[in-house]
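K.L.:
Take this structure, written in structure tokens, and hold onto it; I'll ask about it next.
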Amino acid sequence: MINLKTKKNPMPEQAPDIRNHNFEEVSEGYTPQMAINEAMRCLNCREKPCTHGCPVMVRIPEFVEKITEGDFEGAYQVISATSSLPRVCGRVCPQENQCEKYCVRGKKGEPVGIGRLERFVADWHAAHAEELEADAAKDGAEASDTSELPAGSKVAVVGAGPAGLACAGDLAAKGYDVTVFESLHKPGGVLAYGIPEFRLPKSIVAAEVEKLEKRGVTFVTNAIIGKAETVDELMEDGYKAVFVGTGAGLPSFMNIPGENLLGVCSANEYLTRINLMKGYLPEYDTPVQHAKNIAVVGGGNVAMDAARCAKRMGAENVYIVYRRSMDEIPARSEEIHHAIEEGIDFQLLRNPVKVIGDENGYVTGLECVKMELGEPDASGRRRPVAVEGSNFVLDVDCVIMAIGTKLNKLIMETTDQLEPNERGGIGTDEGAATSREGVFAGGDAVTGAATVILAMGAGKTAAASIDQYLSEK
């Protein structure tokens, strides 16, 4: 039976005036009946356009149909056949620009809540994992035999973010001896340091890492490849192939006067201190500025994350300062909606020109100029133009820059025969192979900052290419 309801079944959430004082997850997830009701909205299209919109080609109508039958574990098995991190993707992927964008139901109403259903299925599996494992053991299920695969070949994965985790998982499943090197003290990459607890609980990231460890993947933290050890040295140590998935973690700044004042920081630093170093918990001695009035410069998801964290850290006024209008803002609509509900003040068509400070070097204000939209630029968005004589000052004691990130070129600078691409990232072919034999790369290290699911897709592509490369040696 098809549910002809034109709108998605609402997702239960914490109330805004409660959640903006805690770091618990905002969205509470579907109940089984809610999930079944939402799944019944799917038309099970013959052409399956939603699947073609998924970077890892999850068989979406198939898993959704399993939900309508109440076979939640069957739905999970369909998803996990192609997606390594469904509990993560169901929460942070921009489904509205990918799978849901092509949903036929979206032509006359709202698309099927594919992301919400993926999250439900993955959470259901996690909640029932122990009994499922017990049932499998009772039935005599055994691990798949990998004796015919090229087991024993050592592969190094540099970076424990989405690309690295996906690559490591696929290679481990094929029988390879995989070691993941992570520069920070915890695996997860942007999943651990960049995305707040209220959007992606860190227990989920830790559980995904633990699953890989159970499959034989070794994680080495506090290891900066390019300094502690180079890619060349990894090869000398016996690794037959290396995957580079280091991301794009260097912050960008506007280079305006006053950016060196005390109280100015990047969103990377601010979020890392809160998310990875638990700066929101009183028992952790993590230095985080507890400002009263904060301006966050930028309009992407990172800006929303920083602003919403600032509110939870006790700021009285938090401003999003963005030079275009709401129609051009790049953040997910869900994140914008949540930010508005939580009391974030959107200063749109405003652009910073100077950070103002006192005699002691501390931030006291952010001078901005009003903007208006002109002709479209190369991106297709209307170009913002400053309105002469419209300068004004926002009274703030902290400014967080969230205007994007740049590639860290340490690997490129310390690895022989590694050529860049036109973006300045690591150059690769369609199979993620670089110009250096045995070295593969993917994710933000190649493309620049992108989404979690695209990075995962790149990691899976690289794993397949590494398997082929090593099988032919």
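The values are calculated or read from the model by the stated rules, or taken from the named source; none is laboratory data. Since we're looking at a predicted model, the values are computed, not measured. Cβ placement follows ideal geometry from the backbone for every residue including glycine, while neighbour counts extend to all protein chains displayed. Protein only, heavy atoms only, side chains kept; ligands, DNA and RNA dropped before computing areas. Shrake-Rupley method; radii C 1.70, N 1.55, O 1.52, S 1.80 Å.
K.L.:
Only residues that are surrounded by fewer than 21 Cβ atoms within 10 Å (Cβ to Cβ) and of a type in the set (Ser, Thr, Tyr): list them for the stretch 78-101, please.
P.N.:
The answer is Ser80, Thr82.
K.L.:
For residues that are within 23 Å of Gly29 (Cα to Cα) and either in contact with a Phe, Trp or Tyr (Cβ under 8 Å, 6 or more places away or on another chain) or not in a helix (DSSP H, G or I) (or both), tally how many sit in the stretch 204-216.
P.N.:
1
K.L.:
Would you say Met371 is out of contact with any His (no Cβ under 8 Å at 6 or more places or on another chain) and more than 30 Å from Phe243 (Cβ to Cβ)?
P.N.:
Values: out of contact with any His (no Cβ under 8 Å at 6 or more places or on another chain): yes; more than 30 Å from Phe243 (Cβ to Cβ): yes.
Answer is yes for this residue.
K.L.:
Let me ask you something else. Select from the stretch 332-378 the residues that are of a type in the set (D, E, K, R), open to solvent by 20 Å² or more (accessible area, probe 1.4 Å) and part of a helix (DSSP H, G or I) and write down the one among them that is farthest from Glu197 (Cα to Cα).
P.N.:
Restricting to residues being of a type in the set (D, E, K, R), open to solvent by 20 Å² or more (accessible area, probe 1.4 Å) and part of a helix (DSSP H, G or I), the top hit is Glu341.
K.L.:
Suppose we filter the stretch 386-413 for residues that are of a type in the set (A, V, I, L, M, F, W, C), open to solvent by 50 Å² or more (accessible area, probe 1.4 Å) and in contact (Cβ under 8 Å) with a residue 40 or more places away in the chain; how many remain?
P.N.:
Selection size over the stretch 386-413: 1.
K.L.:
Counting only residues that are more than 21 Å from the chain's Cα centre (by Cα), more than 14 Å from Gly115 (Cα to Cα) and open to solvent by 80 Å² or more (accessible area, probe 1.4 Å), how many does the stretch 6-37 have?
P.N.:
Counting residues in the stretch 6-37 that are more than 21 Å from the chain's Cα centre (by Cα), more than 14 Å from Gly115 (Cα to Cα) and open to solvent by 80 Å² or more (accessible area, probe 1.4 Å) gives 5.
K.L.:
Next up: Is it the case that the stretch 64-73 has a residue that's hydrophobic (A, V, I, L, M, F, W, C) and within 18 Å of the chain's Cα centre (by Cα)?
P.N.:
no
K.L.:
Moving on to the next point. Got a sec? Which helices (runs of 4 or more DSSP H) wholly within the stretch 217-325 have at least 3 residues that are under 25 Å from the mean Cα position of the chain (by Cα)?
P.N.:
Hits in the stretch 217-325: 267-271, 301-312.
K.L.:
Quick one: is Pro287 open to solvent by 70 Å² or more (accessible area, probe 1.4 Å), more than 20 Å from Cys398 (Cα to Cα) and not acidic (Asp, Glu)?
P.N.:
no
K.L.:
Being in a loop (DSSP other than H, G, I, E, B), open to solvent by 50 Å² or more (accessible area, probe 1.4 Å) and not hydroxyl-bearing (Ser, Thr, Tyr) is the filter here, so list the residues in the stretch 172-203 that pass it.
P.N.:
Hits for the stretch 172-203 are Lys174, Leu184, His185, Lys186.
K.L.:
May I pose another question? Out of the stretch 266-284, which residues are open to solvent by less than 30 Å² (accessible area, probe 1.4 Å) and among the hydrophobic types (A, V, I, L, M, F, W, C)?
P.N.:
Residues satisfying the conditions are Ala267, Leu271, Ile274, Leu276.
K.L.:
Identify the single condition in (1) under 16 Å from Ala122 (Cβ atoms); (2) crowded, with 22+ Cβ neighbours inside 10 Å that Cys50 does not satisfy, given that it satisfies every other one.
P.N.:
Among (1) under 16 Å from Ala122 (Cβ atoms); (2) crowded, with 22+ Cβ neighbours inside 10 Å, Cys50 violates only (1).
K.L.:
For Asp444, indicate whether it is open to solvent by 10 Å² or more (accessible area, probe 1.4 Å), within 21 Å of Ala402 (Cα to Cα) and of a type outside the set (A, V, I, L, M, F, W, C). Working first, answer last.
P.N.:
Working: open to solvent by 10 Å² or more (accessible area, probe 1.4 Å): yes; within 21 Å of Ala402 (Cα to Cα): yes; of a type outside the set (A, V, I, L, M, F, W, C): yes.
Yes: the conditions hold for Asp444.
K.L.:
Quick one: count up the residues across the stretch 239-265 that are in contact with a Gly (Cβ under 8 Å, 6 or more places away or on another chain) and open to solvent by 70 Å² or more (accessible area, probe 1.4 Å).
P.N.:
The number of residues fulfilling the criteria is 2.
K.L.:
Please specify each residue of the stretch 165-177 satisfying the condition of being in contact with a Gly (Cβ under 6 Å, 6 or more places away or on another chain) and over 14 Å from Glu213 (Cβ atoms).
P.N.:
Result: Ala166, Cys167.
K.L.:
Give me the pairs, please: first residue somewhere in the stretch 157-183 and closer than 18 Å to Ala206 by Cβ and at pLDDT 95 or above, second residue anywhere and acidic (Asp, Glu) and part of a loop (DSSP other than H, G, I, E, B), beta-carbon distance under 8 Å, and either six or more positions apart or on two chains.
P.N.:
Gly159/Glu182; Ala160/Glu182; Gly164/Glu182
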